[in-house]
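Worksheet: the structure to be examined is printed underneath.
Any read-out appearing in this document is the output of simple, stated calculations on the displayed coordinates, not a laboratory observation. The shown structure was predicted, so the numbers you read here are calculated from the model rather than taken from an experiment. Neighbour counts run over all protein chains shown; Cβ positions are idealised from the backbone, glycine included.
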Amino acid sequence: MIPAAFEYYRPKDMAGVLSILEEHGDDARVMAGGHSLIPMMKLRMADVPHLIDLQDVGGMSEIEIDADAIKIGALVTQSDIIDNAALADVAPILREAALQISDPQVRYMGTLGGNVANGDPGNDMPGLMQCLDASFTVVGQDGERVIPARDFYEAAYVTAREDGEVLTAVTIPRPKGGHAYEKQKRKIGDYATAAASVQIVNDGGKCVSAAIAMTNLSDTPVFSKTAGDALVGTSVDDAALKIAVAAMLGDIDPTEDNRGPVAFKNHVAGVILRRAIARAWSRA
Amino acid sequence: MSKKKHVTLNVNGKTEEFLAEPRELLIYTLRERLNITGPHIGCETSHCGACTVTINGKSVKSCTMFAVQAEGAEITTIEGIGGPDNLHPLQEAFKEHHGLQCGYCTPGMITRATKLLEEIPNPTEAEIRFGMAGNLCRCTGYQNIVKSIQAAAAQMSAAKEAAE
Ligand SMILES: Cc1cc2nc3c(=O)[nH]c(=O)nc-3n(C[C@H](O)[C@H](O)[C@H](O)COP(=O)(O)OP(=O)(O)OC[C@H]3O[C@@H](n4cnc5c(N)ncnc54)[C@H](O)[C@@H]3O)c2cc1C
């Protein structure tokens, strides 16, 4: 399978990227690791007459950790995330999730920016970023803006990023408490049948805050505020878990596909969320 | 047709220069343009790993990279790892421990394993299975692949110790 012909550009800076995007509008697309885009181009599901390779653009490959926040450049790969010990120390959920994405070859190439910009409901990072209340910095001809992950996803492959904008960085408030990224998949390397991100804070045996987001159970990632809120003030006992799971099930909207019928997906979502909450709580 | 691009690659220590259409996938460059036929085309959809090569120190499925993307890169294929007269310890171990049957996945398998052993010189079975998850084999059931990689790891560690 060979993609349709395209023009290839490899600008050295963001100004170069933005001017090609401006010139060709809809017909131009940026590429980071290419591990979502190239397969789609081969299948003719993406038509990209003008392909802009971001690999030579500087300033997007750094991981910066300060007292309050973590800033990760868009071109940081999943394997960079796994290998960064300081990052694993302050935000272990990132490593836990990255290790569950695909296989080593894909993780060397796939970038955080590509994973969150792609808009595929199967991608693991968007839900995680909603759980962590991350925000995405995008830059266009009119300058920079910052979009919260919780407001970024509109429908499958439709996001708040405009065509002429490039996502440059992801900023995450330093997570507090216990964490878990739990993912059910049919086989290693697969996208999730259901996945849950949980970050939870324990103060003297009571939950004081909980953030929950679900992956591949709607046409966007789902941040379930009601599920998180159901745990706050409880000791995360069985009764609280039941209410949280019911709340989450009210927020997702799975469809039948080759990963199973709707009833099965709802079942798996519940099991996965219970496991994720239990594991996060045990670490909180 | 789109404009051809000038591409320079270093493959197995040799500089290769050519003009390629941007849509030329690296696996075709290797196999059809450069006649380097060790990397195989299995699924051609980024799943099976038969086309795995090492690019600037990373294991990459060469069906999911354009040749133009690899401009300036250093690439190692199975041909650059060892040959009939100088088998790499991994090649030797795959032969000794029946790490293959039909052999189709083997070049990608061994190329990936060289990188795994660089990162984890003495991997556990679990680490091998996790680190080799991007390479599929339909003959061996993986058992003997794990054994082969363990045997090569032991041999390479012993050789390294002897040299020190
Ligand atoms: C076999 C296989 C299995 C996989 N399994 C999983 C999985 O289980 N979970 C998972 O999350 N992912 C999975 N992936 C996807 C993989 O993680 C991708 O690499 C990732 O989703 C996209 O990152 P990329 O850098 O390759 O993006 P690309 O493919 O380069 O780009 C993807 C999209 O995002 C856009 N884009 C990229 N970077 C930017 C940017 N900086 N600004 C604006 N737009 C941008 C592109 O224009 C394109 O539309 C899998 C991929 C393969 C091949």
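How large is the convex hull of the Cα atoms of the protein assembly as shown per residue, expressed in Å³ as a whole number?
Working: hull volume 71.3 nm³, N = 448.
Dividing the Cα hull volume of the protein assembly as shown by its residues yields 159 Å³.
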Efficiency by 1/(1 + (r/R0)^6): what FRET value for residue B:18 and residue B:119, r their Cβ-Cβ distance, R0 = 30 Å, to the nearest 0.05?
0.40
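Within a 10 angstrom radius of each residue's Cβ in B:56-68, how many Cβ atoms of other chains show up on average? Whole number is fine. Intermediate values should be presented prior to the final figure.
Details: counts 1, 1, 7, 8, 6, 7, 1, 4, 11, 5, 9, 0, 5.
The shielding value for this peptide is 5.
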Separation in nanometres of the label points that stand 7 Å from Cα toward Cβ, at residue A:5 and residue A:163:
2.2
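Per-residue mean of other chain beta-carbon atoms within 10 angstrom of the beta-carbon, peptide A:3-10? Before the final figure, lay out the partial values.
On the way: counts 5, 2, 6, 6, 4, 12, 3, 4.
Average neighbour count from other chains, rounded to a whole number: 5.
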Using a cut-off of 10 Å between beta-carbons, work out the net charge of the residues near residue A:162 (Lys and Arg +1, Asp and Glu -1, residue A:162 not included).
-1
Listed by chain and number, the residues whose amide H is under 5 Å from that of residue A:169, excluding neighbours fewer than 5 places away on the same chain and using placed H, are A:74, A:137
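Can you give the charge dipole size of chain B about its Cα centre, rounded to the nearest 20 debye, using +1 on the beta carbon of Lys and Arg and -1 on the beta carbon of Asp and Glu? The partial results should precede the final answer.
Numbers: 16 positive and 18 negative charges, 109 e Å.
Charge dipole, chain B, about its Cα centre: 520 debye, nearest 20.
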Taking θ as phi - 60°, what are the ³J(HN,Hα) couplings along segment A:183-195 by the Karplus curve (6.51, -1.76, 1.60), each to the nearest whole Hz, with x for Gly and Pro?
9, 9, 9, 6, 7, 4, x, 8, 6, 5, 6, 7, 9
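Order B:58-70, B:126-138, A:92-104 from most to least packed using the mean count of other Cβ atoms within 10 Å. Mind dumping the intermediate values first?
Details: B:58-70: 25.5, B:126-138: 18.8, A:92-104: 21.5.
Going from most to least packed, we get B:58-70, A:92-104, B:126-138.
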Tell me the Rg and the Dmax, in Å, that the Cα atoms of segment A:7-52 produce.
10.6, 31
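So if R0 is 30 Å, what FRET efficiency would residue A:141 and residue A:67 give, r being the distance between their Cβ atoms, rounded to the nearest 0.05? Walk me through the numbers on the way to the answer.
Numbers: r = 33 Å, r/R0 = 1.12.
So the FRET efficiency works out to roughly 0.35.
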Longest to shortest principal axis, alpha-carbon extents of segment B:22-91, angstrom:
37, 27, 22
Reduced to Cα centres, the span from segment B:1-60 to segment A:212-284 in Å works out to 43
Which ³J(HN,Hα) values in Hz, rounded to whole numbers, follow from the phi angles of segment A:157-172 under the Karplus curve 6.51 cos²θ - 1.76 cosθ + 1.60, where θ = phi - 60° and Gly and Pro get x?
6, 10, 10, 6, 6, 7, 3, x, 10, 10, 7, 9, 7, 10, 10, 10
Within chain A, helix-based [θ] at 222 nm, where runs of 4 or more DSSP H residues each add -39,500 (n - 2.57), nearest 500
-10000 deg cm²/dmol
Cut-off 20 Å, label 7 Å out along Cα→Cβ of residue B:56, residues of segment B:26-50 by amide N
B:26-30
Once Rh for segment A:178-283 is found with the Kirkwood sum over Cα pairs, what is the Stokes-Einstein diffusion coefficient at 10 °C and 1.306 mPa s, in µm²/s?
117
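Just how large is the dipole of segment A:63-173 about the Cα centre, in debye to the nearest 20, putting +1 at every Lys and Arg Cβ and -1 at every Asp and Glu Cβ? All intermediate terms of the calculation are to be shown ahead of the outcome.
Working: 6 positive and 18 negative charges, 32 e Å.
Computed about the Cα centre, the dipole is about 160 debye.
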Given the candidates B:158, B:141, B:82, the one whose Cα lies deepest towards the positive end of the charge dipole of segment B:47-164, counting +1 at each Lys or Arg C-beta and -1 at each Asp or Glu C-beta, is B:141
Net charge dipole size for chain A [Lys, Arg +1 and Asp, Glu -1 on Cβ; Debye, nearest 20]:
1320
Residue A:262 and residue B:85 label points (each 7 Å along its Cα→Cβ direction) are spaced in nm at 6.8
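According to the Cα gyration tensor, what semi-axes, each the square root of 5 times an eigenvalue, does the equivalent ellipsoid of segment B:89-163 have, listed from largest to smallest in whole Å? Show your work: numbers first, answer last.
On the way: eigenvalues 76, 34, 20 Å².
After scaling each eigenvalue by five and taking roots: 19, 13, 10 Å.
How do the peptides A:256-263, A:221-228, A:207-214 rank, highest first, by the average count of neighbouring beta carbon atoms within 10 Å per residue?
Details: A:256-263: 12.5, A:221-228: 22.6, A:207-214: 24.6.
Packing order, densest peptide first, comes out as A:207-214, A:221-228, A:256-263.
So how much slack lies between residue B:95 and residue B:161, counting 0.36 nm per residue of separation and subtracting their Cα-Cα distance, in nm?
Values: separation 66, 0.36 × 66 = 23.76 nm, distance 2.36 nm.
That works out to 21.4 nm of additional length.
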Given H placed 1.01 Å from N in the peptide plane, which residues other than close sequence neighbours of residue B:5 have an amide H under 5 Å from its amide H?
B:20, B:21
Placing +1 on the Cβ of each Lys and Arg and -1 on the Cβ of each Asp and Glu in segment A:144-284, which of A:230, A:172, A:240 has its Cα farthest towards the positive end of the resulting dipole?
A:240
Shielding of A:97-108 by partner chains, average beta-carbon count, 10 Å
6
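Once the Cα gyration tensor of chain B is found, what semi-axes does its equivalent ellipsoid get, as square roots of 5 times the eigenvalues, in whole Å, sorted largest first?
Working: eigenvalues 169, 59, 34 Å².
Ellipsoid semi-axes (Å, largest first): 29, 17, 13.
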Packing-ranked peptide list from A:159-170, A:11-22, highest mean Cβ count within 10 angstrom first, is A:159-170, A:11-22
Per-selection Kirkwood Rh - segment B:98-139 (Cα, Å, 1 d.p.):
10.7
Cα-based helix-to-principal-axis angle, A:14-24 vs chain A, degrees rounded to 10
70
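If Rh is defined by the Kirkwood formula over all Cα pairs and Rg also comes from Cα, what ratio Rg/Rh do you get for segment A:16-149? It would help to have the intermediate numbers written out before the result.
Working: Rg = 15.1 Å, Rh = 15.7 Å.
Rg/Rh for segment A:16-149 comes to 0.96.
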Return the sequence-ordered ³J(HN,Hα) values of segment A:250-256 in whole Hz as given by the Karplus equation 6.51 cos²θ - 1.76 cosθ + 1.60 applied to θ = phi - 60°, using x for Gly and Pro.
x, 8, 8, 8, x, 10, 6
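With contacts defined as alpha carbon pairs under 8 Å and 6 or more residues apart, what's the relative contact order of chain A in percent? Walk me through the numbers before you get to the answer.
On the way: 625 pairs, mean separation 43.2, N = 284.
In percent, rounded to a whole number, it is 15.
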Tell me, what is the FRET efficiency for residue A:206 and residue A:155 to the nearest 0.05, using R0 = 56 angstrom and their Cβ-Cβ distance as r?
0.90
